[in-house]
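Colleague: Can you read through this structure? Questions will come right after.
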Amino acid sequence: MTINEEDIQAYLYTYVEQTTWQIETPQRGFSFGKRFIGIAPDRKVFVRLGIDPRIIQFLSDVRITPRYLAGGDFFDTCIAVQEYIEAVHPDRKWYAANVTTWAHMTKKLHSSSALRQYLPPVENETYRTLLAHYIHELKEEYQHVVTGRRERDVIEALIAQYEERVPAIQGAGLVPTHGDPGADNMLIAPTNVYLIDWDSLHLSDPMRDVAQVLWWMYPRSLWDEMLDLFGIDLTDHQQRERFYLHMSTRALYVSLFFIQLGHEHWAEKFLRDAQLALEQQTPDTLLLS
């Protein structure tokens with residue numbers, strides 16, 4: 001069924017505060033029809049549909065995400081309500097000056113083993129099986145996009161190379177990962193730093209979150225400190241292969257997303273990133289100025 005603003009207003013009135021609520025839709029991001037801001041005379045709240053509220057409550061309790069206020073079943077989906085944080089998104093200067101802050105928060109997430117009870121179970125936790133799963137998802141997504149011949153050739157060549165290289169991947173051990181830990185999904189407040197938007201939370205190789213942030217937020221000259229904090233050694237063949245395969249497959253997934261939206265510039269940028277990462281090169285440009 002279609003959930004309208006009156007439904008959300010009624011929920012906030014019942015479970016958060018008995019006052020007048022206005023509902024707005026955030027302008028930043030691509031989470032269609034699932035995120036709202038509830039505005040009362042003396043406060044704001046953030047409303048999220050389609051996310052298990054137990055996840056938000058857990059992450060709130062460990063201070064990784066803003067304070068949880070209410071949540072539960074909501075018509076044919078779920079709802080979670082959080083404190084609205086007056087904050088900014090990080091820029092490149094923030095990332096450069098706060099390597100340990102980001103690493104500490106991400107390590108706290110990765111070590112939150114109790115989150116596993118709310119996530120889809122994984123029978124085989126080898127990195128090889130994980131990457132094979134990502135490749136399968138890419139092939140499924142690719143079936144739904146319409147591209148020109150040049151893009152098709154590049155995408156199909158990338159997928160073929162993934163399939164060729166994955167069988168040699170070794171190691172195991174999955175942890176809760178954000179999945180999309182970019183600047184749009186971070187809030188920098190005066191007293192804390194938060195991660196938000198948990199649609200992509202899943203059990204994965206902890207290297208995947210790290211690879212995305214380094215690739216898109218840091219120049220190569222600043223990678224070493226973060227790599228050391230996570231114990232990642234890119235001179236080790238196995239670790240290097242995992243790092244760049246994770247980066248390339250993720251970049252291709254994002255490119256396919258923008259192809260479906262018709263955003264040609266971003267689709268090309270992320271497709272180029274997928275190629276460069278597979279070649280174990282560095283990105284042409286970062287996502288932040």
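Colleague: Restricting the search to the range 48-63, which residues are among the hydrophobic types (A, V, I, L, M, F, W, C) and either open to solvent by 20 Å² or more (accessible area, probe 1.4 Å) or touching a helix residue (DSSP H, G or I) at 6+ places or on another chain (Cβ under 6 Å) (or both)?
Modeller: Initial filter on the range 48-63 (among the hydrophobic types (A, V, I, L, M, F, W, C)): 49, 51, 55-56, 58-59, 62.
Result: Ile55, Phe58, Val62.
Colleague: Can you give me the number of residues within the range 85-114 that are touching a residue at least 60 places away in the same chain (Cβ under 8 Å) and open to solvent by less than 70 Å² (accessible area, probe 1.4 Å)? Working first, answer last.
Modeller: Kept after step one, since they are touching a residue at least 60 places away in the same chain (Cβ under 8 Å), are these residues of the range 85-114: 85-92, 94-96, 98-103, 105-107, 109-113.
In the following step, the residues that additionally are open to solvent by less than 70 Å² (accessible area, probe 1.4 Å) were identified as 85, 87, 89-90, 94-96, 98-99, 101-103, 105-106, 109-110, 112.
The number of residues fulfilling the criteria is 17.
Colleague: So is Gln170 within 20 Å of Leu227 (Cβ to Cβ), more than 13 Å from the chain's Cα centre (by Cα) and not acidic (Asp, Glu) or not? Before the answer, list the steps.
Modeller: Working: within 20 Å of Leu227 (Cβ to Cβ): yes; more than 13 Å from the chain's Cα centre (by Cα): yes; not acidic (Asp, Glu): yes.
Taking the combined requirement at face value, the residue satisfies it.
Colleague: Among the residues in the range 2-21, are any surrounded by 16 or more Cβ atoms within 10 Å (Cβ to Cβ), without any contact (Cβ under 8 Å) to a residue 24 or more places away in the chain, of a type in the set (A, V, I, L, M, F, W, C) and touching a Leu at 6+ places or on another chain (Cβ under 6 Å)?
Modeller: Checked the range 2-21: at least one residue is surrounded by 16 or more Cβ atoms within 10 Å (Cβ to Cβ), without any contact (Cβ under 8 Å) to a residue 24 or more places away in the chain, of a type in the set (A, V, I, L, M, F, W, C) and touching a Leu at 6+ places or on another chain (Cβ under 6 Å).
Colleague: Quick one: what pairs do we get from the range 189-203, first residue farther than 15 Å from Arg35 by Cα, second part of a strand (DSSP E or B) and β-branched (Val, Ile, Thr), C-beta under 7 Å, 6+ apart or different chains?
Modeller: Final answer for the pair search is His202/Thr177; Leu203/Val175.
Colleague: Among Thr235, Thr249, which is the only one that is within 17 Å of Asp209 (Cα to Cα), at pLDDT 95 or above and hydroxyl-bearing (Ser, Thr, Tyr)?
Modeller: Within the list Thr235, Thr249, the selection yields Thr249.
Colleague: Additional query: Any idea which residue in the range 43-64 is farthest from the chain's Cα centre (by Cα), counting only those that are under 30 Å from Met226 (Cα atoms) and free of Cβ contacts under 8 Å to residues at least 40 places away in the same chain?
Modeller: Per the stated criteria, the residue is Asp61.
Colleague: Which of (1) surrounded by fewer than 14 Cβ atoms within 10 Å (Cβ to Cβ); (2) in a helix (DSSP H, G or I) does Ala267 not meet, given it meets every other one?
Modeller: The one condition Ala267 does not meet is (1).
Colleague: Same structure, new question: When you go through (1) in contact (Cβ under 8 Å) with a residue 24 or more places away in the chain; (2) open to solvent by 90 Å² or more (accessible area, probe 1.4 Å) one by one for Ile159, which number turns out not to apply?
Modeller: It is condition (2) that Ile159 fails.
Colleague: For Gly182, only one of the following conditions fails: (1) at pLDDT 95 or above; (2) within 20 Å of the chain's Cα centre (by Cα); (3) within 23 Å of Glu279 (Cα to Cα). What is its number?
Modeller: Only one criterion is unmet by Gly182, namely (1).
One line per residue, one yes/no per condition, for (1) in a loop (DSSP other than H, G, I, E, B); (2) at negative phi:
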position	(1), (2)
Thr2	yes, yes
Glu6	no, yes
Ala10	no, yes
Thr14	no, yes
Glu17	yes, yes
Phe46	no, yes
Ile51	yes, yes
Arg63	yes, no
Glu86	yes, yes
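Colleague: Additional query: Applying the selection to the range 126-142, what residues are farther than 19 Å from Tyr244 by Cα and among the charged types (D, E, K, R)? Spell out the reasoning first.
Modeller: First pass over the range 126-142, keeping only residues farther than 19 Å from Tyr244 by Cα: 140-142.
Correct list: Glu140, Glu141.
Colleague: Go through (1) assigned to a loop (DSSP other than H, G, I, E, B); (2) at pLDDT below 95 one by one and return the number of the condition Arg150 breaks.
Modeller: Single failed check for Arg150: (1).
Colleague: State whether one or more residues within the range 141-154 are more than 23 Å from Lys269 (Cβ to Cβ), open to solvent by less than 30 Å² (accessible area, probe 1.4 Å) and touching a residue at least 12 places away in the same chain (Cβ under 8 Å). Step through it out loud before you land on a result.
Modeller: Our first condition is that a residue be more than 23 Å from Lys269 (Cβ to Cβ); within the range 141-154, this holds for none.
Within the range 141-154 (the criterion being more than 23 Å from Lys269 (Cβ to Cβ), open to solvent by less than 30 Å² (accessible area, probe 1.4 Å) and touching a residue at least 12 places away in the same chain (Cβ under 8 Å)), the answer is no, since none of the residues qualifies.
Colleague: Then there is this: So in the range 270-283, with the set limited to residues that are closer than 15 Å to Tyr253 by Cβ and touching a helix residue (DSSP H, G or I) at 6+ places or on another chain (Cβ under 6 Å), which one is surrounded by the fewest Cβ atoms within 10 Å (Cβ to Cβ)?
Modeller: In the first step, residues of the range 270-283 are kept if they are closer than 15 Å to Tyr253 by Cβ; the result is 270-275, 277-278.
Imposing the further condition that a residue be touching a helix residue (DSSP H, G or I) at 6+ places or on another chain (Cβ under 6 Å) reduces the set to 270-271, 273-274, 277-278.
On the way: Phe270: 23, Leu271: 23, Asp273: 24, Ala274: 25, Ala277: 24, Leu278: 20.
Among residues in the range 270-283 that are closer than 15 Å to Tyr253 by Cβ and touching a helix residue (DSSP H, G or I) at 6+ places or on another chain (Cβ under 6 Å), the one surrounded by the fewest Cβ atoms within 10 Å (Cβ to Cβ) is Leu278.
Colleague: While we're on this one: Does the range 153-174 include one or more residues that are under 30 Å from Asn192 (Cβ atoms) and not basic (Lys, Arg)? Explain how you work it out, then say what you get.
Modeller: The first filter runs over the range 153-174 and keeps only residues under 30 Å from Asn192 (Cβ atoms), leaving 173-174.
Filter once more, keeping what is not basic (Lys, Arg): 173-174.
Looking for residues that are under 30 Å from Asn192 (Cβ atoms) and not basic (Lys, Arg), one finds at least one in the range 153-174, hence yes.
Colleague: Considering the range 65-84 alone, what residues qualify as being in a strand (DSSP E or B), in contact (Cβ under 8 Å) with a residue 60 or more places away in the chain and not β-branched (Val, Ile, Thr)?
Modeller: Residues of the range 65-84 in a strand (DSSP E or B): 68-74, 77-83.
If we keep only those that are in contact (Cβ under 8 Å) with a residue 60 or more places away in the chain too, we end up with 74, 77, 79, 81.
Across the range 65-84, the qualifying residue is only Phe74.
Colleague: Val81: surrounded by fewer than 18 Cβ atoms within 10 Å (Cβ to Cβ), within 20 Å of the chain's Cα centre (by Cα) and hydrophobic (A, V, I, L, M, F, W, C), yes or no? Give the derivation first.
Modeller: Details: surrounded by fewer than 18 Cβ atoms within 10 Å (Cβ to Cβ): no; within 20 Å of the chain's Cα centre (by Cα): yes; hydrophobic (A, V, I, L, M, F, W, C): yes.
Considered against the rule, which asks whether it is surrounded by fewer than 18 Cβ atoms within 10 Å (Cβ to Cβ), within 20 Å of the chain's Cα centre (by Cα) and hydrophobic (A, V, I, L, M, F, W, C), Val81 comes out as no.
The values are calculated or read from the model by the stated rules, or taken from the named source; none is laboratory data. Not measured: the values here are computed from a predicted model. FYI the Cβ positions are ideal-geometry reconstructions off the backbone, even for glycines, and counts take in every protein chain you see. Just the protein is used for accessible areas: all its heavy atoms, side chains included, with ligands, DNA and RNA removed. Shrake-Rupley method; radii C 1.70, N 1.55, O 1.52, S 1.80 Å.
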